[in-house]
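Presented below is the structure to which this report refers.
The values are calculated or read from the model by the stated rules, or taken from the named source; none is laboratory data. This one's a predicted model, so the numbers in the text were calculated from it and none came from an experiment. Neighbour counts run over all protein chains shown; Cβ positions are idealised from the backbone, glycine included.
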Amino acid sequence: MRRILLISLLAVATAMSARQIQIVDVDNLPIAAVCVTNEKGALVGKTDNDGVLKDTKGLDKLYFSHMAFQNKCVKLDTLSTDRIVLEDADYNLGVIEVKPKELIYVQNYYRCTYVDEEGPIYFRAGVVDNTFEVATKKISSKTRSISRASIGLIRVVINALAGRYLNNWAKIDTITNYDRILKYAKKGYLKISEPENGRSIISDSICTLGYVDVDLKTNQRTLVFNRQKFRQHRHEAEEAAKIEKMKREGKKVKEKENKEDVDTDDDQYYEVYRIDDQGRSSVRDMIMTQLMASGKLKRTKKDYIILLEVFPVAYDYIDKKDFKQTRKDNEVEMNIVELRQFEKNHNIPPLAPNLQEQVDKLFAKDLAK
């Protein structure tokens, strides 16, 4: 009995010592999917839909990264409150002039940063030339990318297993994820609440999955949505229905073994689009997108976060005869020095300094040339 009481008291003491902080924007709205790292670029955690980091792990200095906001370093012992404000990033493409041409040309820059409890172990970046044929709604893409990893074998494995997926992630899409969510809502899979202070909450029958912010001053719509949890809930509901049917029919039910290398798996999708007066968007209206995938590996027991960020950097309306020349004019050399300059030229929000320093170490030989 005394042992049980002691364990309980220790658990309570541990929970009380875990400091929570909340990350908000200048309008005091919570920011989900903020990556939090320490001075060495090692993963501390991420914020949930309420902008909350549940445990600072006893650290005094933390770095906060999000593609839509300015990076920030905070010494926690200087805070008078557990709420931290991030300023908007100044990345913006400006107004696009609509022209009666056959094709819409979109050039995207993307980067992928894989961070675990030891720091960045894989980095990939590239440029994707996209063309969208207005009449047929057909998309064609050409990607050029480079990658590095802390261990050569890691790079080979990730490139082989996920390289094509990462390149495809950076392509434009004919439909926004917000439009997909509207379709799921019409089918009854999701609910979207009435807006309050410009924010609508997205949920299924189990929990809140994200939100939509509409800013009429800037004509922008921001979507945050946990796609993995939504898919998981739907799959579990379908599996439960199948099992119940089998039981009614007197059939034997076998338990499925989890053979994946991940104990927990989660993601957070983030997109910002321009909207017109009716709230509509097209392929040329994307401002930025991010997918934050996270989990814990079974074998190493390490938490990880994978950040996939996409920034459109060039738009144009072109004819088919101009197609090849436009792609040629916008080609970028695939080396880290050129890509760093490309980021600066297009005002792409940089990685947090602590992450950038560690990523640069992966490209140390290239940067030394």
Can you name the residue in segment 129-154 that is hydroxyl-bearing (Ser, Thr, Tyr) and surrounded by fewer than 16 Cβ atoms within 10 Å (Cβ to Cβ) and is also farthest from ASP329 (Cα to Cα) among such residues? THR136
Check whether at least one residue in segment 229-239 is in contact with a strand residue (DSSP E or B) (Cβ under 9 Å, 6 or more places away or on another chain), closer than 19 Å to VAL34 by Cβ and in contact (Cβ under 8 Å) with a residue 24 or more places away in the chain, and report yes or no. yes
Is one or more of the residues making up segment 321-338 under 29 Å from ASP116 (Cβ atoms), in a helix (DSSP H, G or I), charged (D, E, K, R) and not assigned by TED's automatic domain parsing to the domain that holds SER65? yes
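May I ask you to say which residue of LEU223, LEU216 is surrounded by 14 or more Cβ atoms within 10 Å (Cβ to Cβ) and either modelled with pLDDT under 90 or assigned by TED's automatic domain parsing to the domain that holds TRP169 (or both)?
Checking each option against the conditions leaves just LEU223.
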Scan segment 302-314 and tell me whether some residue there is assigned to a helix (DSSP H, G or I) and either of a type in the set (A, V, I, L, M, F, W, C) or within 22 Å of SER140 (Cβ to Cβ) (or both). no
I need the strands (runs of 3 or more DSSP E) fully contained in segment 17-82, keeping only those with at least 1 residues that are of a type in the set (Ser, Thr, Tyr). 35-37, 61-66
Listed by first then second residue, the pairs whose first member lies in segment 193-219 and is of a type outside the set (Asp, Glu), whose partner is exposed (fewer than 11 other Cβ atoms within 10 Å of the Cβ), with beta carbons under 7 Å and at least 6 positions apart or on separate chains, are SER200/GLU194
Residues ILE348, ILE305, ILE318: which one is more than 21 Å from the chain's Cα centre (by Cα) and either within 30 Å of GLU118 (Cα to Cα) or buried (at least 17 other Cβ atoms within 10 Å of the Cβ) (or both)? ILE318
Report the residue count in segment 189-221 for those that are polar (S, T, N, Q), over 16 Å from VAL272 (Cβ atoms) and in a loop (DSSP other than H, G, I, E, B). 3
Exactly one of LYS344, LYS259 is out of contact with any Ser or Thr (no Cβ under 8 Å at 6 or more places or on another chain), assigned to a loop (DSSP other than H, G, I, E, B) and either at pLDDT 85 or above or within 30 Å of ALA240 (Cβ to Cβ) (or both), and that residue is LYS259
